[in-house]
């Protein structure tokens, strides 16, 4: 685990987030004229919840589970602010018809599904307790938090995030839960209640279809910008590699280029594969133990977890490749390395047929060792990558 540098800006954002949550809790209590002793209790509860959420975010950041970026805590503060504004607006909304899924979706733009679900539940429970709502309303809100949190997390990780049907699921869940629990609580159901439930569900569904993909993609764009920096030939590490050995530098660029092309061929992360190829042998600069030294340097430059994993899986010595991108980098590196060796030894590579056969033989032998068993590289993708490497090395 890397030691993250102290940042006064991040500390200020964290403190601002804590102050925001405590202030909102005090406001909810004042809105209902709570006594000081009761207010203190709720403030303590809000403080504990906020600290637990922030500590989890910090832990994820330091353990690489959250992608490193400088605006993480700023974004967190912004979504918390929007979330508390929604809570404050609840006083103008009939009880039971607060758009809970909308609140969860806002928080999920920055937090993962579990954290957005947990924070939403805490905020909702504080609202319900201070407003003294029936316990059945609390149950309804909790169910909505769970459903929306799971679905938002799912949408972040799959290709269906821009589709209509997850939004329809959000709408149906909001509408059905609100209508069912309202009738169970008050033993009545009018057209107005159906309209309120439909509006709450529609708001959440529209947000999930439109703004949620856009806002959640902000972090992805920051990630792409970070990879652009890593792939820049003027990056300090690449300049250091170039100074160390122009041959290794050329090898790294070639492997990165091939890895990117192969990743695009099979739908893998092209930026990750390219960066993995370029920095695959960066440990050579620092000597033995090469892999361990590469990891240390990668942490120093805040490489993302998935890229560090590729460096750790160098040549499959410490661990077999555990991702498709890591397998691609290994294949590209073996091909480039083998062709470089043969070209330096003889003129036998003058024939394209000889070169093609060498690539086939190299990759088939590598695959037969079982080194790709844990990478998710199926036979169909293996053949596509192999053919792409053959075509690219003809250039």
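Each reported figure results from applying straightforward, stated rules to the coordinates on display, with no laboratory input. Just so it is clear, the model here is predicted, and its values are computed rather than measured. Cβ: placed from backbone, ideal geometry, glycine included. Neighbour counts: every protein chain shown.
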Between residue 322 and residue 183, what is the label-to-label distance in nm when each label sits 7 Å out along the Cα-to-Cβ direction? 4.9
Hey, what angle do you get for helix 352-368 against the long axis of the chain, alpha-carbon based, 0 to 90 degrees rounded to 10? 50
Spin-label pair residue 257/residue 32, simplified geometry with 7 Å Cα→Cβ offset, distance in nm: 6.7
When a footprinting reagent is the concern and you count Cβ atoms within 10 Å, what order do 320, 381, 305, 37 take, fewest first? 37, 305, 320, 381
Which ordering of 315, 306, 325 is given by a fewest-first count of other beta-carbon atoms within 10 Å? 315, 306, 325
If you average 1/r over all unlike Cα pairs in the chain and invert the result, what Kirkwood radius do you get in angstrom? 24.1
Expressed in angstrom and rounded, the centroid-to-centroid distance over alpha carbons for the range 233-298 and the range 299-325 is 11
Just subtract the alpha-carbon distance of residue 305 and residue 264 from 0.36 nm times their residue separation and send over the number in nm, one decimal. 12.7 nm
How high is the relative contact order of the chain, given as a whole-number percent (alpha carbon pairs under 8 Å, six or more residues apart)? 12
Can you tell me the relative contact order of the range 232-393? Whole percent, Cα pairs under 8 Å, sequence separation 6 or more. 24
Please report the spacing between the Cα centers of the range 21-35 and the range 90-147 in Å, no decimals. 17
Relative to the compact globular guide of 2.2 N^0.38 Å, what is the alpha carbon radius of gyration of the range 232-393, as a ratio? 0.99
What shape does the range 209-305 take by its C-alpha gyration tensor, where a ≥ b ≥ c are the square roots of the eigenvalues and a/c under 1.5 counts as rounded, a/b above b/c as prolate, and the rest as oblate? prolate
Have a look at 36, 53, 371 and tell me which one the Gaussian network model of the chain (Cα, springs below 10 Å) gives the largest fluctuation. 36
Take the Cβ-Cβ distance between residue 150 and residue 58 as r, set R0 to 25 Å, and report the resulting FRET efficiency rounded to the nearest 0.05. 0.55
Least to most buried among 235, 135, 251, by other C-beta atoms within 10 Å and fewest first, runs 135, 235, 251
D (µm²/s, integer) via Stokes-Einstein for the range 8-218, Kirkwood Rh across alpha-carbon pairs, 37 °C, 0.692 mPa s: value 187
Helix 113-131 axis, angle to the chain major axis (alpha carbon atoms, nearest 10°): 10
Once residue 315 and residue 293 are pulled to full extension, the length gained, defined as 0.36 nm per residue separation minus their Cα-Cα distance, is 6.4 nm
